[in-house]
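First the structure, in the form of structure tokens, and then the observations on it.
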Amino acid sequence: MEKPAKIYVAGHAGLVGAALVRRLHGAGYKNLILQSQADLDLRDQALVAGFFAQERPDYVFLAAARVGGIWANQTHPAEFIYDNLMIQTNIIHQAYLHGVKKLLFLGSSCIYPKFSPQPIREEYLLDGKLEPTNEPYAVAKIAGIKMGQSYNRQFITRFIAVLATNLYGPGDNFDLKNSHVIPGLIRKFHEAKSAGGGNLGYWHTPAGVPLCR
């Protein structure tokens, strides 16, 4: 990417988006376009169209999404499929209409079959049934990947997808109900230590296997 290029980071306040912004700033990219959810509802087709028409970004990082752990996916399946389909559809289509040079879409490892062979390979996509607990989210992410591939084939765009799996770090969601496994465990470790747990010893999985110390 050219240093003066206009770069839109969708979802810049989230775990991945914030990390991308830090990396881009560190690499000398200063012309970043950042919009909060309050300023731009990415589920709104007309608002997204107007935003792209006004800003005309050269590159797009699509890190905006509704994400959460098992409890959140099971409790709000309609929101997970609707919000994610609307967000990615609006951004990908407007990126095409406004001549974005390249778009990067964040996928998820849950797009692969529940009993996919290990290690997972790209060709295993759509080769079996998904994990039921987060199927709506996975279906939306698969749609985003396939949409990018379809636009590439028909319109010769440069829309790519990456899977950054098992993410955790600064800016993560540490809510005990809505978080993923790793940040949820970090929260529990921190609270146990803060409560005077001292040496936490071994934590065990349900099968009795030591998890960490």
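The values are calculated or read from the model by the stated rules, or taken from the named source; none is laboratory data. Note that the structure is predicted; figures quoted are calculated from it, not measured. Every residue, glycine as well, gets a Cβ built from its backbone with ideal geometry; the counts of neighbours run over all protein chains shown.
This table checks each residue for (1) farther than 17 Å from Leu103 by Cβ; (2) of a type in the set (D, E, K, R); (3) under 17 Å from the mean Cα position of the chain (by Cα).
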| position | (1), (2), (3) |
| --- | --- |
| Gly17 | no, no, yes |
| Leu20 | no, no, yes |
| Ala38 | yes, no, no |
| Val48 | no, no, no |
| Phe52 | no, no, no |
| Arg66 | yes, yes, yes |
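I'm checking my understanding of the structure. Among residues of segment 130-168 that are polar (S, T, N, Q) and either touching a residue at least 24 places away in the same chain (Cβ under 8 Å) or within 19 Å of Asn73 (Cα to Cα) (or both), which one is surrounded by the most Cβ atoms within 10 Å (Cβ to Cβ)?
Asn134
I need the full set of residues from segment 115-146 which are among the basic types (Lys, Arg) and in contact with a helix residue (DSSP H, G or I) (Cβ under 8 Å, 6 or more places away or on another chain), in order please.
Residue satisfying the conditions is Lys141 alone.
Do we find that His12 is part of a loop (DSSP other than H, G, I, E, B), farther than 27 Å from Glu135 by Cβ and touching a strand residue (DSSP E or B) at 6+ places or on another chain (Cβ under 9 Å) in this structure?
Criteria met by His12.
Go through segment 125-149 and report how many residues are assigned to a loop (DSSP other than H, G, I, E, B) and closer than 19 Å to Trp71 by Cβ.
2
Yes/no per residue for (1) surrounded by fewer than 17 Cβ atoms within 10 Å (Cβ to Cβ); (2) without any contact (Cβ under 8 Å) to a residue 24 or more places away in the chain; (3) under 20 Å from Gly50 (Cα atoms):
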residue	(1), (2), (3)
Phe80	no, no, no
Ala95	no, no, yes
Ser108	no, no, no
Ile111	no, no, no
Pro119	yes, yes, no
Gly128	yes, yes, no
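Please state which of the following conditions Gln54 fails to meet, knowing it meets all the rest: (1) buried (at least 18 other Cβ atoms within 10 Å of the Cβ); (2) modelled with pLDDT of 95 or more.
Going through the list (1) buried (at least 18 other Cβ atoms within 10 Å of the Cβ); (2) modelled with pLDDT of 95 or more, Gln54 breaks only (1).
Going by what's in this entry, would Glu79 be described as among the acidic types (Asp, Glu) and more than 26 Å from Ala138 (Cα to Cα)?
So Glu79 fails the test.
Got a sec? Which of Leu104, Leu40, Leu24 is outside any helix (DSSP H, G or I), more than 21 Å from Val139 (Cβ to Cβ), in the same structural domain as Asn152 (by TED's automatic domain parsing) and out of contact with any His (no Cβ under 9 Å at 6 or more places or on another chain)?
Leu40
What number of residues in segment 150-173 are in a helix (DSSP H, G or I) and small (Gly, Ala, Ser)?
Number satisfying all stated conditions: 1.
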